[in-house]
Every structure is written in C-alpha cells, then in structure tokens.
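*Asks:* Please find one structure pasted underneath; my questions will follow.
What follows is calculated from the coordinates using simple rules that are stated; it is not laboratory data. Every value quoted in this text rests on a predicted model; they were computed, and no experiment measured them. Methodologically, a virtual Cβ is constructed for each residue, glycine included, from the backbone with ideal geometry; neighbour enumeration extends over all protein chains shown.
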Amino acid sequence: MHPETPTITAILEAYGLLFFTALFLSLLVTPLTMGLARIIGVIDNPNERSMHTQSKTRLGGLGMATGLGVAAFVFLPYNSIIAGFLAGLVVIVLIGLIDDIFQIRALYKMLGQLVAASVFILISGKTLVTMGDLVGIGDLRLGILEVPVTIFCIAGFINALNLSDGLDGLAGGISAIAALFLAGLAIQAQQWEALGILLALIGAIIGFLRFNTYPARLFMGDTGSLFLGYTLATAAVVLLADTADGEPVMIKPVSLLLILAIPLMDTTYVMTRRAILGLNPFHPDKTHLHHKLIGLGIPHGAAVSMIYLGMFLYGLLSILIADYPDWLQALVMVLSSVAIYATIAHLQQTDMTPWAERYERFLDFDHRLLGIARSFLTATTRYVGAATILALLFPITFIESAASEWSWVIMAFIGLLVIFFPWLQQQSHVGLLRGTLYLSIFLLLLLYNLLLVPANDWLDTYLSVLSMSLLAWVILKVLVKREGEIILTTGYEMFALTVTWILPVAIIPALVSEQNHFAIDAAWHACLQSVPVLLAIRLFIQREPKSQKAVLFAFILGFVAIGLKLLEL
C-alpha cells in the first residue's frame with residue numbers, strides 16, 4: 001500500500017478493500033451492540049438535558065471501533081505508527097466502555113485519555129514538532145515540550161468530540177467530513193498510514209450512521225465519541241509529525257485546526273463560559289452550538305444539516321487560504337467563530353413574528369393563472385419523475401469496456417445499495433432514502449463524465465441540458481406550487497451532499513497533477529448535474545411514495561448493467 005505516484009485508480013485499488021471492510025463490519029457489528037447493551041443495561045434514558053424522548057442503547061461506538069480496528073489490523077502495514085495507533089485505540093475504547101457501563105467521573109475519564117495518548121506516542125514515536133508561525137516570527141518549535149503538548153492536544157480534541165455528541169448523527173457526521181479533508185492532506189503529504197486510518201474511519205462511520213441518523217435507533221456513547229476524537233487527533237499528529245522532521249512544513253497546523261474548527265470552537269466557548277461563571281468546565285449544560293440552533297426553532301435534522309454544512313465550509317476555507325501566513329489563518333478562524341456566535345446571539349434576541357406573518361400573507365395570495373399553473377405542475381410530476389429515471393439510464397447503452405478497473409467499484413456500490421439503506425420504507429427514515437438516492441445519482445453521473453464524455457462529446461451537452469431542464473422545473477414547483485420544503489435537507493442527505501462535494505474540492509486535486517484537470521472537471525460536472533436531478537426525483541417520490549422501491553431498483557439495475565459491461569461479460 002505504498003504507491004510512489006498516487007492516482008485515482010491506485011488509491012481505489014489499494015485502499016478500497018480497507019474502506020469497504022470497515023464499512024461492512026460496522027454495518028454488521030453495530031446492530032449487535034444493541035442486544036449486548038440491553039443485556040448489561042447500558043441504556044440512555046431521557047433527562048432534562050436530553051434531545052431524545054425514548055430510551056436508546058449507547059454502545060454503538062463499539063461497532064465503529066470494531067470495523068476500523070479489524071480493517072486497520074488486517075490491511076495496513078504493521079509498523080510503529082499502526083502499532084501505536086492500535087494500542088492506543090484499545091485503551092481509549094476500554095475507557096469508553098467502562099464509562100458507558102459504570103458512568104465514571106470526568107477525572108478518571110481524562111486520565112484514561114492521557115494514557116491512550118501516551119501509549120500512542122510511546123510506540124509510534126510521533127509527536128507535534130511545531131505549532132506553526134502563529135505570531136509572524138517563524139515556526140514555534142516545541143523542543144522539550146513536544147511530548148506534553150502532543151498529549152494535551154490529543155486529549156483536548158478527544159474531549160471536544162465527546163462534547164459535540166449531542167444530536168443524532170452529529171458527532172459521526174462531522175468526524176467523517178473532517179476525515180475526508182484530512183485524507184486529502186494525507187495524499188498530498190504521501191502519508192499512507194494516516195490515509196489508511198482515515199479511510200477506514202470514514203467507512204466505519206458511514207456504517208454506523210445507518211443506525212444513528214435521526215431518529216436514531218441507538219447512540220454511540222462515550223465509546224464512540226472518545227474513539228472518534230482519538231482517531232482524528234492521532235491521524236492529525238501523524239500528518240504533522242511526518243511533514244516537520246527536519247524539513248519545511250508541508251501541512252500547516254492551523255490548516256488542520258480550520259478543518260476541525262467547529263468542535264474546537266464549540267468546546268472553547270462552552271468551557272470558557274463555564275469557567276467565567278465559576279462552574280466545573282466539564283459540568284454538562286445546554287449551551288452547545290447544537291442546543292442554540294434547536295433553541296432558535298430549527299428542526300433536529302436541519303440543525304445537524306447546518307453543522308455538517310459548516311464543517312464543509314471550514315474545510316473549504318482551509319484549502320482556499322492554505323497559502324496565507326499561519327497567523328492570518330488563525331485570525332480568520334477566530335473572527336469567523338466570533339461572527340457565528342454573535343449572529344446566533346442576535347437571532348436569539350430577535351422577534352421573528354413579523355417575518356412569519358409576512359410569509360403567511362404571501363402564502364394566502366392566489367390567482368387563477370397561478371392555480372392553472374399549479375394544476376399543470378402537479379399533473380406533470382409523475383411523468384417528469386419517470387422520464388428522469390429513463391433519461392439517466394439511457395447513456396448506459398453507450399458504455400464501452402475501456403475502463404474495466406472501475407468494475408469492482410461498481411460491484412461494491414451495488415452491494416452497498418442492496419445491503420445499506422434502500423429497503424427502509426418508514427417515513428421517519430426518509431433521510432436515509434434520499435441520501436442513498438443522492439449518492440447513487442452522483443456516482444452514476446460521475447461515471448458518465450469519466451467514462452463516456454471523452455469518446456462521446458454530445459453526452460456532456462445531453463447531461464447538462466437534462467440537469468438544467470430539471471432545475472427549471474423544480475424552481476417552478478417551488479415558486480408556483482409553493483413546495484418550498486424541497487430545499488430542507490435531512491442530516492444524512494446533507495452528509496451525502498458534502499461527501500460528494502469534497503471529492504472535487506479536496507480528494508481528486510490531491511490525486512492528480514496540476515496539469516491534469518480532467519478528473520476534477522468530471523467530478524465538478526457530476527456534482528452540479530446531480531443536485532437538480534435529486535430535487536426532481538425527491539418531488540417525484542413525495543408525490544408517488546410507492547415508487548421508492550422502483551426508483552432504487554432502477555438504479556441498481558443500471559449499476560449492474562455498467563458493471564457487467566465493464567467486466568466484458
């Protein structure tokens with residue numbers, strides 16, 4: 001797993017098995033933890049601070065840890081980095097399990113985190129070397145403080161992630177988004193151990209989100225939140241340590257801080273506020289960012305979506321200002337954090353009643369011509385939805401078997417579609433359905449752009465016209481028929497959206513040379529084309545809920561056809 005010149009194909013072949021192993025192990029083990037939790041009584045009952053109203057088991061993090069741990073142990077090269085990571089992983093998971101079962105004091109939990117960080121450093125030999133040029137006078141080298149500062153940073157971020165675990169799917173989703181951006185940095189730095197750990201983490205989280213997306217069937221507990229924080233923190237240390245030993249720093253520490261900004265700034269705000277009020281910094285309350293969003297009247301799923309989007313924007317910001325001086329990047333992070341909390345504080349003090357009344361008056365407006373247009377748009381929904389599916393599958397007939405290395409990716413994704421989300425029909429899990437649809441649509445359009453457009457120029461125009469036509473139809477539905485709820489996303493749907501947009505932003509640019517823009521352009525085209533298609537199909541399945549299985553079945557058949565053609569069968 002040490003390709004000298006990273007390419008898209010090489011990364012897929014070398015690390016795909018690692019990712020899918022962690023994913024399917026997480027899918028397999030996570031539901032089993034519910035039975036174990038009930039047997040030993042690890043149940044999270046609602047209280048005054050809870051955002052849930054029903055009792056849920058809280059050992060789900062054990063499924064994620066199992067998926068990542070087994071995949072890393074089997075598929076990653078055994079060296080000091082992997083040995084140190086896995087040893088510390090065992091310690092942190094044990095601490096989390098003990099806390100979930102016996103509810104130990106915060107002090108003991110902190111000591112366990114310090115032990116896990118120390119074990120990782122002792123075995124791997126990796127520590128932070130510099131804090132970057134934060135004051136404009138050159139790199140602040142840590143010297144004899146390398147070990148204690150590294151331990152403090154790892155334990156600090158573990159706590160930041162632990163405190164962020166307040167809504168269904170929140171901690172897992174923000175961790176996966178951060179891991180994707182860090183994976184892009186790992187590819188740039190050619191740090192393949194860190195990349196393997198991060199890809200396994202992403203797979204394990206996605207498998208867990210199958211059961212933790214709102215409304216969650218189980219919680220990750222401290223086992224999960226401590227595990228997530230430990231994995232991200234140690235991967236970050238490996239990235240920084242390997243780019244600073246006697247050489248110019250390739251990855252700036254502040255760039256990593258930007259990627260992890262939301263949990264870090266949330267923890268800083270909450271603990272500072274508690275200290276000012278004379279409270280224990282670890283004393284639980286309801287002042288976290290997600291509590292503030294819920295307090296503004298934002299629905300649970302939408303609040304998670306907004307934080308996911310915030311993680312994506314901070315990751316994008318870290319890329320856009322990567323060449324800025326370290327102190328300026330840090331200043332941008334601080335000022336943006338202050339702006340976010342100041343805006344929320346202003347909204348908390350603002351009376352929204354007049355705006356709500358204006359909106360109601362707007363909805364009461366009607367006109368005969370608008371009524372005719374609404375009737376027409378309603379009648380076309382069924383036909384537009386069916387035509388969209390057929391139009392999306394039409395280019396499959398033009399695929400040639402010129403890129404057979406993609407066939408295993410297609411087959412793996414088919415398995416994911418069959419096993420993962422598609423057959424959930426409960427209205428409460430509509431976000432899982434939409435997220436799966438979005439990933440399916442995006443991958444299909446990405447394949448078309450990568451495999452077909454070079455040989456068939458007309459297909460680029462075909463896909464763009466199809467997408468723009470659907471966008472115009474969706475806009476008419478929103479404006480004329482007042483189906484504005486189409487723009488409201490669920491947590492998992494926003495997660496799927498951000499994952500796909502991270503590909504052209506962070507992952508593919510790290511894989512290809514600056515002169516080769518084809519893969520990046522293909523990914524951007526797929527992103528832009530897929531959003532209108534998803535919105536149109538969402539309107540279709542809302543109007544025809546019985547078509548949910550039919551839509552997913554059609555996509556599965558499409559991927560089967562592509563896979564068979566690429567395999568030359």
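*Asks:* Would you work out which of 223, 253, 301 lies farthest towards the positive end of the dipole of the range 216-301? Charges go on Cβ: Lys and Arg +1, Asp and Glu -1.
*Replies:* The residue sitting most towards the positive pole is 301.
*Asks:* Lysines within cross-link reach of residue 126: Cα-Cα under 20 Å, excluding same-chain residues under 8 positions apart?
*Replies:* Hits, sequence-local ones excluded: 252.
*Asks:* Out of residues 5 or more away from residue 44 or on other chains, whose amide H comes under 5 Å of its own, with H placed 1.01 Å from N in the peptide plane?
*Replies:* Result for residue 44 returns 56, 57, 58.
*Asks:* Also: Could you tell me which of 117, 158, 239 has its Cα farthest along the dipole of the range 114-256 towards the positive end, charges placed at Cβ (Lys, Arg +1; Asp, Glu -1), taken about the Cα centre?
*Replies:* 158
*Asks:* Follow-up question, since we're still on this one. Any lysines with Cα under 25 Å of the residue 286 Cα? List them, leaving off those in the same chain fewer than 8 positions away.
*Replies:* In chain and number order, the partners are 56, 109.
*Asks:* Per-residue counts of other Cβ atoms within 10 Å, averaged by peptide: what ranking do you get for 317-328, 118-129, highest first?
*Replies:* Sorting 317-328, 118-129 by mean packing, highest first, produces 118-129, 317-328.
*Asks:* A further question follows. How large is the charge dipole for the range 73-191, taken about the Cα centre, if only the Cβ atoms of Lys, Arg (+1) and Asp, Glu (-1) carry charge, to the nearest 20 debye?
*Replies:* The calculation lands at about 220 debye.
*Asks:* Express in nm, to one decimal, how much length is gained between residue 280 and residue 546 on full extension, taking 0.36 nm for each residue of separation and deducting their alpha carbon distance.
*Replies:* Gain in length upon complete extension: 90.5 nm.
*Asks:* Using the per-residue mean of other Cβ atoms lying within 10 Å as a proxy for protection, in what order, highest first, do the peptides 520-526, 152-158 fall?
*Replies:* Put in order of decreasing packing, that is 152-158, 520-526.
*Asks:* Read phi for every residue in the range 539-552 and hand back ³J(HN,Hα) as whole Hz from Karplus 6.51 cos²θ - 1.76 cosθ + 1.60, θ = phi - 60°, with x for Gly and Pro.
*Replies:* After applying 6.51 cos²θ - 1.76 cosθ + 1.60, I find 4, 5, 6, 5, 6, 10, x, 5, 7, 4, 5, 5, 4, 5 Hz.
*Asks:* A further question on this structure: Give the distance, in whole Å, between the Cα centre of the range 277-297 and the Cα centre of the range 87-127.
*Replies:* Centre-to-centre (Cα) distance: 25 Å.
*Asks:* While we're on this one: Could you go through the range 326-341 in sequence order and give the Karplus-derived ³J(HN,Hα) for each residue, using 6.51 cos²θ - 1.76 cosθ + 1.60 with θ = phi - 60°, rounded to whole Hz, and x for Gly and Pro?
*Replies:* Karplus values, whole Hz, x for Gly and Pro: 4, 5, 6, 4, 4, 5, 4, 5, 5, 5, 5, 5, 4, 4, 4, 6.
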